[in-house]
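Each value in this text was obtained by applying a stated rule to the coordinates, not by laboratory testing. Here the structure is a predicted model, which means the values were calculated and not measured. Cβ: placed from backbone, ideal geometry, glycine included. Neighbour counts: every protein chain shown.
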Amino acid sequence: QSALTQPASVSGSPGQSITISCTGTSSDVGGYKYVSWYQQHPDKAPKLIIYDVNNRPSGVSNRFSGSKSGNTASLTISGLQVEDEADYYCSSYTSSTTLVVFGGGTKLTVL
Amino acid sequence: EVQLLESGGGLVQPGGSLRLSCAASEFTFSSYAMSWVRQAPGKGLEWVSGVGERGISTYYADSVKGRFTVSRDNSKSTMYLQMNSLRVEDTALYYCAKPGDSSSWYGGGFDSWGQGIVVTVSS
C-alpha cells in the first residue's frame, strides 16, 4: 500500500481536461511545499512535470498545472492530447524517516 | 546536460548481495543530495534511499532498512547502493535521481533520472 493515495485510472477525450488527486497526511503533502508530479511512458524513465506543488520545469507544457489544498494535491491536464497517455505519479517529502513517498500511480487513457 | 548512469545490476540468488553504482556528470555532484528509486515489474515507483551532499546523512525506506547501505564518493562523482540479504521482492528497475535544488533533499523534485538498472533476485 502506497503512502499517498491516487486513483488507479482516469480517462478523457482529446481536448478535455482531467484532474488527478493525490491524498496524503499532514506529515507529507499537507505539511510541505515539496510535492512533485511525474509522467512515465512505457519503458521510459519518469519525467518531472510539476515540482514544489505548482511549478513547471522548463520545457514542460503549460497544459500541466498543480495545486494543493490541505492534505490533497492535484494535477490538472488541460487540452488533453494523445501523447499525454501515460502513468502519472505524485510524490512528497515526508517528515517520517523515509524522507520521500510516492503515490501508487494513475494510468491516464486518452480515448 | 545532466547525466546519470547506473551500473552493477544483474541476477542474484535470494540472500545474496549486489552493489549498484550511479556515475554522475555535467553538474556539481558534491552540491546535491542524491536518491535511489526503484520500480518492480508492472508496479509503481518506490523511493529506496537517499544520501546527503557530504555522505554523512542517509535515509532508507522501511522495506530496505538494515539490508541496504547508500554511500557516495564525491571525488568520483558516484553514488553507491550496497544491497545485502536480497529478497525476491527486491526485484526491480533501480533508478538514481537528482533533486532540482542543491542543498535540499527534495526541493525542485527529482529533475534528472538515470536510465535505470535491472536487479533480479531469483533462485
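Taking 28 Å as the cut-off for C-alpha to C-alpha distance, list the pairs among A:Lys47/B:Lys43; B:Lys43/B:Lys76; B:Lys65/B:Lys98; A:Lys68/B:Lys65; A:Lys33/B:Lys76; A:Lys107/B:Lys65 that go past it.
B:Lys43/B:Lys76; A:Lys68/B:Lys65; A:Lys33/B:Lys76; A:Lys107/B:Lys65
Counting partner chain Cβ atoms within 10 Å of every residue's Cβ in B:111-121, what's the average?
If you average over the peptide's residues, the count of other-chain Cβ atoms is 2.
For the protein assembly as shown, what are the per-bin percents of Cα-Cα distances with bins 5 Å wide, up to the bin holding the maximum?
Bins of 5 Å from zero give 1, 7, 15, 19, 20, 16, 12, 7, 3, 1, 0 percent of pairs.
Going by C-beta contacts inside 10 Å, put B:Glu6, A:Glu85, B:Glu1, B:Glu53 in order with the fewest on the left.
Fewest-to-most ranking of B:Glu6, A:Glu85, B:Glu1, B:Glu53: B:Glu1, A:Glu85, B:Glu53, B:Glu6.
Taking every pair of distinct Cα atoms and averaging 1/r, then inverting, what Kirkwood hydrodynamic radius in Å comes out for segment A:1-107?
13.7 Å
So what is the relative contact order for chain B, in percent, with contacts set as C-alpha pairs under 8 Å and at least six apart?
Relative CO of chain B lands at 34 percent.
Under the √(5λ) rule applied to the eigenvalues of the Cα gyration tensor, what semi-axes describe the equivalent ellipsoid of segment B:1-45? Give them in Å, descending.
Result for segment B:1-45: semi-axes of 25, 14, 10 Å.
May I have the pair-distance distribution P(r) for chain B, computed from all Cα-Cα distances with 10 Å bins from 0 and rounded to whole percent?
Here the calculated profile for chain B is 15, 50, 30, 6, 0.
I want the local charge near A:Val53. Using Cβ-Cβ distances under 12 Å, sum +1 for each Lys or Arg and -1 for each Asp or Glu among the other residues.
Computed value for this residue: +2.
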